[in-house]
Amino acid sequence: MKPILFLDVDGVLNRCGHSAQGLESDKLDLLQWIVTRSRCDVVVSSTWRTLPDCKRRLLRALAERDIEPIGCTPDLNCSRGTEISVWLKLNRAGENFVILDDDEDMGELLPHLVRTLSYGGLTSAIAAEVVNRFEAMNPEP
Ligand SMILES: [Mg+2]
């Protein structure tokens, strides 16, 4: 199984309060850089997965950058960390994952979180931190 990136959108691919639930191309470019460098799969954990119009826009923007998410976390009306835990169990995934999010309600998965600032979103420094995390978990042979 490839490394997995759990992807939030608001406060990651946009800056909350700046872009009115848009997607910012420079942040999508940084995500593409992460995926290319880390050869990770993407699982959408954002609430955008539950909103059909938002989900369509997200998938289209990702497809333009050759990113095809392998799935979404289940919508269980509980903490995001729990939803991610359930996805990991259902998919028999191991510890090889990073959570990219501007919230920290990750419970026991908190050590896997790389946190963005809601008003800043994904930056090149944070993208580099994600890549470094994956490299630390997947040392080159
Ligand atoms: Mg968010």
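All of (1) out of contact with any Asp or Glu (no Cβ under 7 Å at 6 or more places or on another chain); (2) surrounded by 14 or more Cβ atoms within 10 Å (Cβ to Cβ) hold for Gly107 with one exception: (2). Just one of (1) of a type in the set (A, V, I, L, M); (2) away from the ligand (no atom under 14 Å from the Cβ); (3) modelled with pLDDT under 95 fails for Ile34. It is (3). Asp29 passes every criterion in (1) closer than 22 Å to Gly81 by Cα; (2) surrounded by fewer than 17 Cβ atoms within 10 Å (Cβ to Cβ); (3) more than 12 Å from the ligand (Cβ to nearest atom) apart from (1). Just one of the numbered conditions (1) under 13 Å from the mean Cα position of the chain (by Cα); (2) more than 21 Å from Asn138 (Cα to Cα) is not true of Val98: (2). A Cβ distance below 7 Å, combined with a sequence gap of six or more or placement on separate chains, defines the contacts here; from segment 51-74, residues that are of a type in the set (Ser, Thr, Tyr) reach no residue that is modelled with pLDDT of 95 or more and exposed (fewer than 15 other Cβ atoms within 10 Å of the Cβ). For Arg37, indicate whether it is touching a residue at least 24 places away in the same chain (Cβ under 8 Å), surrounded by 13 or more Cβ atoms within 10 Å (Cβ to Cβ), under 22 Å from Asn138 (Cβ atoms) and not hydrophobic (A, V, I, L, M, F, W, C). Yes: the conditions hold for Arg37.
Reported count of residues in segment 51-98, each being out of contact with any Phe, Trp or Tyr (no Cβ under 8 Å at 6 or more places or on another chain), among the β-branched types (Val, Ile, Thr) and more than 17 Å from Asn14 (Cβ to Cβ), is 3. Filtered by the rule that a residue be surrounded by fewer than 21 Cβ atoms within 10 Å (Cβ to Cβ) and either aliphatic (A, V, I, L, M) or assigned to a loop (DSSP other than H, G, I, E, B) (or both), segment 83-101 gives Val86, Leu88, Leu90, Asn91, Arg92, Ala93, Gly94, Glu95, Asn96. In this structure, is Gly11 in a loop (DSSP other than H, G, I, E, B), within 16 Å of the ligand (Cβ to nearest atom) and under 13 Å from the mean Cα position of the chain (by Cα)? Yes.
Listed here are the residues, each with its yes/no results for (1) in a loop (DSSP other than H, G, I, E, B); (2) under 16 Å from the mean Cα position of the chain (by Cα); (3) buried (at least 20 other Cβ atoms within 10 Å of the Cβ).
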residue	(1), (2), (3)
Leu76	yes, no, no
Gly81	no, yes, yes
Asp103	yes, yes, no
Ala125	no, yes, no
Ala136	no, no, no
Pro139	yes, no, no
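The single condition among (1) closer than 19 Å to Gly11 by Cβ; (2) more than 15 Å from the ligand (Cβ to nearest atom); (3) acidic (Asp, Glu); (4) touching a residue at least 24 places away in the same chain (Cβ under 8 Å) that Glu129 does not meet is (4).
The values are calculated or read from the model by the stated rules, or taken from the named source; none is laboratory data. Predicted, not measured: the structure shown is a model, and the values here were computed from it. Quick reminder, even Gly has a Cβ in these numbers, built from the backbone with ideal geometry, and neighbours come from all protein chains shown.
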